[in-house]
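Peer 1: My questions all concern the structure below.
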Amino acid sequence: MSKRDYYEVLGVDKSAGEREIKKAYKKLAMKYHPDRTQGDKALEDKFKEIQEAYEVLTDSQKRAAYDQYGHAGVDPNRGGAGFGGNADFGDIFGDVFGDIFGGGRGGGRQSRARQGADLRYNLELSLEEAVRGKDVEIRVPTLVECDSCHGSGAKKGTSPKTCPTCHGAGQVQMRQGFFAVQQTCPTCSGRGKIISDPCDKCHGHGRVEKTKTLSVKIPAGVDTGDRIRLSGEGEAGEAGAPAGDLYVQVHVREHKIFQRDGNNLYCEVPLSFTTAALGGELQVPTLDGKVKLKVAPETQTGRMFRLRGKGVKSVRSGVTGDLMCKVVVETPVNLSSRQKELLQELDDSMGGDSAKHRPKEKGFFDGVKKFFDDLTN
C-alpha cells in the first residue's frame, strides 16, 4: 500500500511552520499513542505513520528532500535522507511532551547534564563610542565550574554513584490506568547520580559563584538593540556540560545634538534672521568636528542640508550614512528700541507687496480662504 502524504497525515498545509507542525502532531499523538490504544494494531500503525511524518517535517534537510522528491527522497533504500533502521519513536515523542508520558518501550532515557544558562549584560554607550567602536571591560557575576571537583560535585578522590532508584535516568515512571506518568526521581532530584561525599568547596553543586572580568570588542557602528555574543561565557553547565553564552546587549544614550536613524544622523542648526535672508556661511557640527556650510540667500526655516558621508558606517554593510542638517531661522529677541524701529521700517517697506516677499504667507491664506469657501458652498 502506498504511503500517504506526510502533510495530509498531520493535517497541515505545505507552508506550515515548525510550531504548527508540532501542535498538530501533539494533538494526534495524544489520541493515537499506544498507551491509550491498548494494543490495537491498526491504531498503533497509525501512530507510527504520524510519528514518521513528524520526524521528516521537523527536520529541515529531510523536509526539503521530501518536498522535492516525495517519499523517495527520504527512503534510505533509495539513497534518500531516510530514517534510522530502528527509529526510536519514544525519543521524538518525549521531545514534544516532556514529562506527560514515559520514554517508550525501550526503557528509561539516560539523564543528561544540562548546559549552562545563557546570560545577558546590558552595556550603555555614548553615540560617539557606538559610532567609532571601542574595547570595554565588563564584570559579570556568574556560576563557574568548581576547580576543586571539576564540576562533579564529589569530594576530591571520590566520584558520584549511579542512583539506585532511577538507575541513572533521572526520572521514574508511575502508571495511572493507561497513562505512564514520568516524574523527576525523588532520590537524586533528576541528576541520575548520588553524591555521598560532597565537595567541600561547592557543597556538591559542581559550580561556584564568581565575578568574571571580560574584555569585549565593540565594533564600530553598533546601535541600540544590537547584541554581541560571547560563546561559552555564560553559566557553567552541570556535571561538566558545556557552558552557556553571554550576550552583551547594546543601548546607546541620547545625544544632545544628534539623533540617529539607521546610518544617518540628524540635527537642527539655528540660523540667524540676517543670514537666512542675505545668505552666508554656517558652521555645522559633525562627529569629526565642525564644517562650513554655504547658505543661499532667502533660505527658509526647515530647509534640509545633506552632508554626505558624515553619518555612521554600518556595522553590517560597511556603507556610511549622511548627516542631515535642518536649519531653523531664529526670531531676534531682546531687541533695543532702535532695532525694533529698523525691523518695523523693514516690514513697512515690504507691506505693499507681501506676496513677493512672503510667498508662504500668501499661499497659506489663499488656502484658508478656499477652505472656508468650500464649506459654505
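Peer 1: Of the conditions (1) farther than 30 Å from Thr320 by Cβ; (2) buried (at least 17 other Cβ atoms within 10 Å of the Cβ); (3) of a type in the set (Asp, Glu), Glu209 satisfies every one except a single condition; which number is it?
Peer 2: With respect to (1) farther than 30 Å from Thr320 by Cβ; (2) buried (at least 17 other Cβ atoms within 10 Å of the Cβ); (3) of a type in the set (Asp, Glu), Glu209 is out only on (2).
Peer 1: Pairs under 9 Å by beta carbon, first residue assigned to a loop (DSSP other than H, G, I, E, B) in the range 314-336, partner surrounded by 10 or more Cβ atoms within 10 Å (Cβ to Cβ) and among the aromatic types (Phe, Trp, Tyr), six or more apart or different chains?
Peer 2: Cβ pairs passing all conditions: Glu330/Phe273; Thr331/Phe273; Pro332/Phe273.
Peer 1: If Val9 satisfies all but one of (1) closer than 30 Å to Gln183 by Cα; (2) modelled with pLDDT of 85 or more, what's the number of the condition it fails?
Peer 2: Exception for Val9: condition (1).
Peer 1: Is it true that Val269 is open to solvent by less than 70 Å² (accessible area, probe 1.4 Å), closer than 23 Å to Gly133 by Cβ and either assigned to a loop (DSSP other than H, G, I, E, B) or not polar (S, T, N, Q) (or both)?
Peer 2: no
Peer 1: Hey, another quick one. Does Ala276 satisfy the condition of being in a loop (DSSP other than H, G, I, E, B) and crowded, with 18+ Cβ neighbours inside 10 Å?
Peer 2: Here the answer is no, as Ala276 does not meet what is asked.
Peer 1: Can we say Asp288 is more than 30 Å from Ser231 (Cβ to Cβ) and either of a type outside the set (Asp, Glu) or surrounded by fewer than 16 Cβ atoms within 10 Å (Cβ to Cβ) (or both)?
Peer 2: yes
Peer 1: Next question, about the same structure. Across the range 127-147, which residue is surrounded by the most Cβ atoms within 10 Å (Cβ to Cβ) among those that are in a helix (DSSP H, G or I) and of a type outside the set (A, V, I, L, M)?
Peer 2: The extreme case among them is Glu129.
Peer 1: Let me ask something else. For the range 301-356, name all the residues that are charged (D, E, K, R), at pLDDT below 85 and open to solvent by less than 50 Å² (accessible area, probe 1.4 Å).
Peer 2: Answer for the range 301-356, where residues must be charged (D, E, K, R), at pLDDT below 85 and open to solvent by less than 50 Å² (accessible area, probe 1.4 Å): there is none.
Peer 1: If you go through the range 65-82 one residue at a time, do you hit one that is open to solvent by 80 Å² or more (accessible area, probe 1.4 Å), assigned to a loop (DSSP other than H, G, I, E, B) and modelled with pLDDT under 85?
Peer 2: No.
Peer 1: List pairs: first in the range 214-232 and surrounded by fewer than 16 Cβ atoms within 10 Å (Cβ to Cβ), second part of a loop (DSSP other than H, G, I, E, B), Cβ under 6 Å, 6+ apart or cross-chain?
Peer 2: That search, which allows pairs on different chains as well, returns Pro219/Gly133; Pro219/Val315; Ala220/Gly133; Arg229/Asp245; Ser231/Asp245; Gly232/Ala243.
The values are calculated or read from the model by the stated rules, or taken from the named source; none is laboratory data. Only a predicted model underlies this, so the values are computations on that prediction, with no experimental measurement involved. Cβ: placed from backbone, ideal geometry, glycine included. Neighbour counts: every protein chain shown. Ligands, DNA and RNA are stripped out before the accessible areas are found, and what is left, the full protein with its side chains, is counted by its heavy atoms. Shrake-Rupley method; radii C 1.70, N 1.55, O 1.52, S 1.80 Å.
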